[in-house]
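The values are calculated or read from the model by the stated rules, or taken from the named source; none is laboratory data. Only a predicted model underlies this, so the values are computations on that prediction, with no experimental measurement involved. Backbone-built Cβ (ideal geometry, glycine too); neighbour counts: all protein chains shown.
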Amino acid sequence: MKISSYLKTRWQLQSGVVFLLVILLLLACLASVFWGVKDISGHKILTLLLFHHNEQSLLSSIVDKRIVRMAFGLLCGAALGVAGVLMQSVTRNPLADPSILGINTGASFFVVCGIAFFKISTAGQYVIVAFIGALVAAGLVFGIVALGKRLDALTLLLAGTGVSMMFSSLVTIVILVKQEAMDQFRFWQVGSLGSASVMGIKVFVPLFLLSLILAVACAPGLDALMLGSEVAQSLGVNAVLISLTACLAGIALCATATALAGPIAFIGLLATHFTRLIFGSEVKKVLPLSALVGALFLTSADVIGRLVSDTAEISVGIITALVGAPVLIFLARRMKVRAL
Amino acid sequence: MKNEITIEKIFAARHRRQTSRRVKLGFLLVILLILSSCALLYGQTIYSVSEVWQVLGGKFVAGASFTILELRLPRLLAALLAGMSFGIAGLVFQTLLRNPLANPDILGISSGSSCAVVICILVFHTSQTVRIIAAVGAGIGTVLLLFGLSNQRSLATTRLVIIGLGLQAFYNAVISYFTVNGDQRDLPEALRCLNGSLDGISLNQLPLLDGALLLLVPVIFYFGQRIQLLNLGEEVARSLGVNVGQTKIILLATTVILTALATAVTGPIAFVSFLAGPLTNKIMGQTGNNALAAGIFGACLVIAADLVGQYAFVYRFPVGVITGLIGAPYLILQLIHLSKRGAG
């Protein structure tokens, strides 16, 4: 009796929070269209969208741009949120964010090479190049960890840091050799939604859906894996296949977001931990909710970045890192990690 | 009895060890001397030994005087001083935290200093002196934050390193904010300070670092005697009469000041402190006071990397990029080694 009433209250609480999150997300979306360097009132936007949608005015072009940007932010946030859940479940490490694992820097290096040597410019090319880079970096990090005997939190993080430092040295070299690539790269590198384009979204959506399907398909297996690989095996889960698929989906999501927006750190970490705090650790549940929370965080960060300063907006990548780094420190303080 | 341990044998072994340490130290010094002369002789134009000697002796030699006194000598001295500072800092950190991976780079202390320097350059347009003070302040502040947040009396490392990584991420975000929004004209200067570079260093930037080294190295050397006792474990050191807390605080404070000063002058030269610590211990052996050797090793590393960066390729690369390329794979090797050994 007590348990059932407890479950009922918990269920009520959780559905309440989901409702609240959806409302907040809607508000953030509206804010990201209304607010910016030039504030536009809701009334104007409504009349514009409903009655004058063929009109070519300054106002309508601003609104168009902002809507594209908002959609792009939602996609990126959701993708990074899901990627965070996948990476954390696969590595069974609560601190595994794609940015900490060096995956972003790997993608950066390949993108800067693409810009400098192959003159890449379209969204599709960015995505392919970044995906290869992310795969290489992830392969390196996991390879390093696999060479050792234990998979503990610190080895994974330091392997990520080492790989990331190596790639950033290489990035510096490429920039110094090819000065003209510097400008294109410098703005890409901070991670901003300002580069949103319809083309980018068109590339993003199918990749996002594909990876999401893979991730959802992996979720039960990942839940079983959380109990340990022996238990998972006895439950009939192919641990290697599930881990590989989940990893690939996570890398694809993170690489796409990185390719189109630039490296945005810590969204995966923030979204996953926030979701786990309220909804427990079941991957099936955390996966969609983390996407929701990721989208909410990224959109809000973008709005905040635009509102803070009149002259120059602060890129989302910077805001998420400023918020995410203290959270990482907080988590490290709470964690009972084994000493290296 | 063949294997009987007598006091004579112990003394003899000790004597042998000391001699071999002296030989190795001398060897390092010779390498440093050779590298330094290369740095003075070699360049766009190659001068003869006698020309360099005359210039250093105070005579005016047409052409050579300017190149050597204004360009090569400051560069060499900066490399020497910064390398020594980073090398010593690496060894001290590694010993105090009892972990070969712990060093000012990974713990975010260098990031803190360079963040302060970048803000000084891009926002406040301050003079060199203010930059140095800010760098030292930020370095010490970061260390305090690090230990305050890690919330442990003993300097256990896992949490410390993760918190260091977090701080580093935070500083990097601040740095990228200012480099994106900063004045374009100040940007090259700021980027120079971020990558670790010896370009454009003049003699008047050096006295502070020079003085600090002269002042602090004896302190570190004196307390470094106790490092070898600390290596035996804190309890053992305490029972041998070492004031562990005081030693740690003084050593940390001095090394942080050194690192921050060097960072303010040359920027963070990646991985020098990380490479110098373990490699010096490998060369010199674990026993004994390796602080001086680590300093010399660090200086050798920076001068050699700078020579490679300047002349080995078609493009000139800042020294930090070269040391980064050497250091990152070494970090990875160390990691594999550590996790294979299991115990860490």
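You will find that of A:Gly262, A:Gly280, the residue that is away from chain B (no Cβ under 14 Å), at positive phi and modelled with pLDDT under 90 is A:Gly280 and no other.
One line per residue, one yes/no per condition, for (1) within 14 Å of another protein chain (Cβ to nearest Cβ); (2) in contact with a helix residue (DSSP H, G or I) (Cβ under 9 Å, 6 or more places away or on another chain); (3) at pLDDT below 90:
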residue	(1), (2), (3)
A:Asn104	yes, yes, yes
A:Ala123	no, yes, yes
A:Tyr126	no, yes, yes
A:Ala134	no, yes, no
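If you go through segment A:221-273 and keep only what is part of a helix (DSSP H, G or I) and of a type in the set (Val, Ile, Thr), you end up with A:Val231, A:Val240, A:Ile242, A:Thr245, A:Ile251, A:Thr256, A:Thr258, A:Ile267, A:Thr272.
Out of A:Gly221, A:Gly228, which single residue is surrounded by fewer than 20 Cβ atoms within 10 Å (Cβ to Cβ) and more than 14 Å from chain B (Cβ to nearest Cβ)?
Values: A:Gly221 fails: surrounded by fewer than 20 Cβ atoms within 10 Å (Cβ to Cβ).
Result: A:Gly228 is the single residue among A:Gly221, A:Gly228 that is surrounded by fewer than 20 Cβ atoms within 10 Å (Cβ to Cβ) and more than 14 Å from chain B (Cβ to nearest Cβ).
Here is the figure for segment B:105-118: residues that are away from chain A (no Cβ under 14 Å) and either in contact with a Phe, Trp or Tyr (Cβ under 6 Å, 6 or more places away or on another chain) or among the polar types (S, T, N, Q) (or both) total 1. When only residues in segment B:207-230 that are in contact (Cβ under 8 Å) with a residue 60 or more places away in the chain and surrounded by fewer than 19 Cβ atoms within 10 Å (Cβ to Cβ) count, which is nearest to B:Ile133 (Cα to Cα)? In this case the residue turns out to be B:Leu208.
Considering segment A:179-223, and only residues there that are out of contact with any Phe, Trp or Tyr (no Cβ under 9 Å at 6 or more places or on another chain), among the small types (Gly, Ala, Ser) and within 24 Å of B:Val180 (Cβ to Cβ), the residue that is modelled with the lowest pLDDT turns out to be A:Gly191.
Applying the condition of being among the β-branched types (Val, Ile, Thr) and at pLDDT 85 or above to segment B:307-320 and asking which residue is nearest to B:Leu80 (Cα to Cα) yields B:Val319. Could you say whether any residue in segment A:121-136 is farther than 26 Å from A:Cys76 by Cβ and part of a helix (DSSP H, G or I)? Within segment A:121-136, not a single residue is farther than 26 Å from A:Cys76 by Cβ and part of a helix (DSSP H, G or I). Pairing residues of segment B:38-51 that are touching a residue at least 12 places away in the same chain (Cβ under 8 Å) with residues that are of a type in the set (Phe, Trp, Tyr) and not in a loop (DSSP other than H, G, I, E, B), at Cβ distances under 9 Å and at least 6 apart in sequence or on separate chains, gives B:Tyr42/B:Tyr311; B:Gly43/B:Tyr311. Among the residues of segment B:282-312, those identified as of a type in the set (A, V, I, L, M) and within 14 Å of another protein chain (Cβ to nearest Cβ) are B:Ala305, B:Val308, B:Ala312.
Do the conditions hold for B:Tyr315, that is, is it within 12 Å of chain A (Cβ to nearest Cβ) and within 21 Å of B:Lys24 (Cβ to Cβ)? In short, no.
Scanning segment A:210-248 for residues that are of a type in the set (Val, Ile, Thr), under 15 Å from A:Ala291 (Cβ atoms) and without any contact (Cβ under 8 Å) to a residue 40 or more places away in the chain gives a single hit, A:Ile213. With respect to the conditions (1) within 12 Å of chain A (Cβ to nearest Cβ); (2) β-branched (Val, Ile, Thr); (3) more than 16 Å from A:Thr161 (Cβ to Cβ), B:Val143 falls short on a single one, namely (1). Selection of segment A:268-286 for residues being touching a Cys at 6+ places or on another chain (Cβ under 9 Å) and under 19 Å from A:Thr256 (Cα atoms) yields only A:Gly268.
In the set B:Ile119, B:Ile88, B:Ile34, B:Ile68, only one residue is within 18 Å of B:Ile296 (Cβ to Cβ), touching a residue at least 24 places away in the same chain (Cβ under 8 Å) and outside any loop (DSSP other than H, G, I, E, B); that residue is B:Ile88. Has segment A:141-148 got any residue that is closer than 24 Å to A:Ala261 by Cβ, out of contact with any Cys (no Cβ under 7 Å at 6 or more places or on another chain), part of a loop (DSSP other than H, G, I, E, B) and at pLDDT 85 or above? No, there is no match, as no residue in segment A:141-148 is closer than 24 Å to A:Ala261 by Cβ, out of contact with any Cys (no Cβ under 7 Å at 6 or more places or on another chain), part of a loop (DSSP other than H, G, I, E, B) and at pLDDT 85 or above.
Give me a count of the residues in segment B:318-338 that are touching a Ser or Thr at 6+ places or on another chain (Cβ under 8 Å), among the hydrophobic types (A, V, I, L, M, F, W, C) and under 15 Å from A:Ser169 (Cα atoms).
Start the filter on segment B:318-338 by keeping residues that are touching a Ser or Thr at 6+ places or on another chain (Cβ under 8 Å), which leaves B:318-321, B:324-325, B:328, B:331, B:335, B:338.
After this cut, where a residue has to be among the hydrophobic types (A, V, I, L, M, F, W, C) as well, the list is B:319, B:321, B:325, B:328, B:331, B:335, B:338.
Retained after the next criterion (residues that are under 15 Å from A:Ser169 (Cα atoms)): B:319, B:321, B:325, B:328, B:331.
The number of residues fulfilling the criteria is 5.
Number of residues in segment B:87-103 that are over 20 Å from B:Leu333 (Cβ atoms) and in contact with a Ser or Thr (Cβ under 9 Å, 6 or more places away or on another chain): the value is 4.
Looking only at residues in segment A:208-218 that are crowded, with 21+ Cβ neighbours inside 10 Å and not aromatic (Phe, Trp, Tyr), the one that is nearest to A:Ser61 (Cα to Cα) is A:Ser211. Apart from one condition, B:Val117 fits all of (1) at positive phi; (2) in contact with a Lys or Arg (Cβ under 6 Å, 6 or more places away or on another chain); (3) not charged (D, E, K, R); the exception is (1).
Test of understanding: among B:Ile10, B:Ile88, which residue is of a type outside the set (Phe, Trp, Tyr), within 29 Å of the chain's Cα centre (by Cα) and either closer than 23 Å to B:Thr263 by Cα or surrounded by 10 or more Cβ atoms within 10 Å (Cβ to Cβ) (or both)?
Values: B:Ile10 fails: within 29 Å of the chain's Cα centre (by Cα).
Exactly one residue qualifies, and that residue is B:Ile88.
When each of B:Leu325, B:Leu279 is tested for being modelled with pLDDT of 85 or more and at the interface with chain A (Cβ under 8 Å from one of its Cβ atoms), the lone residue that passes is B:Leu325.
Could you tell me which residue of segment B:180-208 is farthest from the chain's Cα centre (by Cα), considering only residues that are outside any helix (DSSP H, G or I) and acidic (Asp, Glu)? Outline the logic, then answer.
Our first condition is that a residue be outside any helix (DSSP H, G or I); within segment B:180-208, this holds for B:182-183, B:196-202, B:206.
So of that shortlist, the ones also acidic (Asp, Glu) come out as B:183, B:199.
Working: B:Asp183: 31, B:Asp199: 18 Å.
My answer is B:Asp183.
Of everything in segment A:182-206 that is buried (at least 20 other Cβ atoms within 10 Å of the Cβ) and among the aliphatic types (A, V, I, L, M), the residue that is farthest from A:Ser315 (Cα to Cα) is A:Val203.
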